[in-house]
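Here the structure comes first, spelled out in structure tokens, and everything after it is commentary.
We did not get these values from a lab; they are worked out from the coordinates using the rules stated. Predicted, not measured: the structure shown is a model, and the values here were computed from it. Note: ideal-geometry Cβ built from the backbone for every residue, glycine included; neighbour counts use all protein chains shown.
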Amino acid sequence: MPTFKKYHGIGNDFLVFEGRDASLPKELMSGDKQIIKHLCNRRFGIGADGVIIALKSSKGADVQMKIYNSDGTQAEMCGNGARCFVKFLIDNDPLFSENKQITIETLSGVVKSELGRDKLISIDMGCPFLEPQTIPTLLNKGLYGLPQGKVVIEKNIFEIYAVGMGNPHMIIYVDDLDLIPIDSWGKLLETNSMFPNKTNVHFVKRITSKKLEILVWERGCGATLACGTGACAVLVASHSLGLCESQAEIVLPGGTLNINWPDKNKSVYMEGDAKHVFSGEVELTSLSLL
């Protein structure tokens, strides 16, 4: 039976499997949609926001990270997932136990990570995508260099912005997060026609120029406690709009991430922790019968 390690990054949790030795069942290696959904089911499975599989890199990176959302769809990239993956490698692979820097192949490119102060993990998230076709979105660019437009939700008119971080993000600024029905509005906005590949959704409240608070709806997962790429996208949009400085704390339901975009022509950096929750083994044949 395949073994797994469960990790979380400020409440965003993942099941991590070692696949570099080719010992995993083919159903898991190929990302069988029903298997992934059952593994992530919090009542009938183990429970997680996603599944991560460690593979050998084909692009010169130290390792490849294949990641699936809880609905079985494959994700291009996930910031919190990347931090959990780095912690998994440090904890379980002697090759990485002393490494300060690890490069990770993802569908959105090779990501650089670094173990920094207080054992916090910093991820070079790459440059944000601001051209509509690269996000992708059908929204047109506005005065601030961001794709933007309007959306009507239950008779409420909101200005929306789009940022790509290897995956698409919709950003909406509000005055009171407590008034946002994230489950219903998030599900509706994920499939907005302006985003041909669907989108992550973030409702944002500005606290100060150095602190923003957000609610998260992740594409393919639903409402979650955190989203690393989303936190980066929010910082990029907010700094572009003049709402915050280039470095700020992003407060999510599960905790806080430090996001830094020191140069508008270069990478965004995300810093936070990741923790091991528990380990186990799972019989995939029993899941396939559910």
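Short version: what are the Cα gyration tensor semi-axes of the chain, square root of 5 times each eigenvalue, largest first, in whole Å? Walk me through the intermediate numbers first.
Values: eigenvalues 186, 95, 55 Å².
Taking √(5λ) for each eigenvalue gives 31, 22, 17 Å, largest first.
Two tests apply to each whole DSSP H helix in the chain, Cα reach of 15 Å or more along its axis and mean Kyte-Doolittle hydropathy of at least -0.5, and the ones passing both are 79-92, 228-240.
Can you give the charge dipole size of the chain about its Cα centre, rounded to the nearest 20 debye, using +1 on the beta carbon of Lys and Arg and -1 on the beta carbon of Asp and Glu?
Numbers: 30 positive and 33 negative charges, 58 e Å.
That gives the chain a dipole magnitude of about 280 debye.
In this simple spin-label approximation, D118 and E76 carry label points 7 Å from Cα along the Cα→Cβ vector, and these lie 3.2 nm apart.
In the elastic network of the chain, a GNM with C-alpha springs shorter than 10 Å, the most mobile of L120, L15, L257 is L120.
Assuming charge only on the beta carbon of Lys and Arg (+1) and of Asp and Glu (-1), the dipole of region 132-266 about its Cα centre is about 360 debye to the nearest 20. Taking each DSSP H run with n ≥ 4 as -39500 (n - 2.57) and averaging over every residue of the chain yields -5000 deg cm²/dmol at 222 nm.
Taking 7 Å steps out from each Cα toward its Cβ at Q34 and S209 produces label points 5.7 nm apart.
Over all other residues within a Cβ to Cβ distance under 12 Å of K205, the charged ones net out to -2, with Lys and Arg as +1 and Asp and Glu as -1. Model label points for E98 and L177, set 7 angstrom from Cα along the Cα-to-Cβ axis, are 4.2 nm apart. Determine the shape class of region 121-181: with a ≥ b ≥ c the square roots of the Cα gyration tensor eigenvalues, call it rounded for a/c under 1.5, and otherwise prolate if a/b is greater than b/c, oblate otherwise. In terms of gyration-tensor shape, oblate. Other residues within the sphere of radius under 13 Å centred on the Cβ of R20, judged by their own Cβ, net out at -3 (K and R +1, D and E -1).
Here the Gaussian network model covers the chain, with springs between Cα atoms less than 10 Å apart; of D62, D124, D263, D263 fluctuates the most. Sequentially through region 62-71, phi angles give Karplus couplings (6.51, -1.76, 1.60; θ = phi - 60°) of 5, 6, 10, 10, 9, 10, 10, 6, 5, 8 Hz, Gly and Pro residues having no value and appearing as x.
Centre-to-centre, using Cα atoms only, region 134-153 and region 1-19 are separated by 35 Å.
Computed from point charges on the beta carbon alone (+1 for Lys and Arg, -1 for Asp and Glu), the dipole magnitude for region 1-151 about its Cα centre is near 300 Debye.
DSSP beta bridges confined to region 117-235 are antiparallel in about 85 percent of cases.
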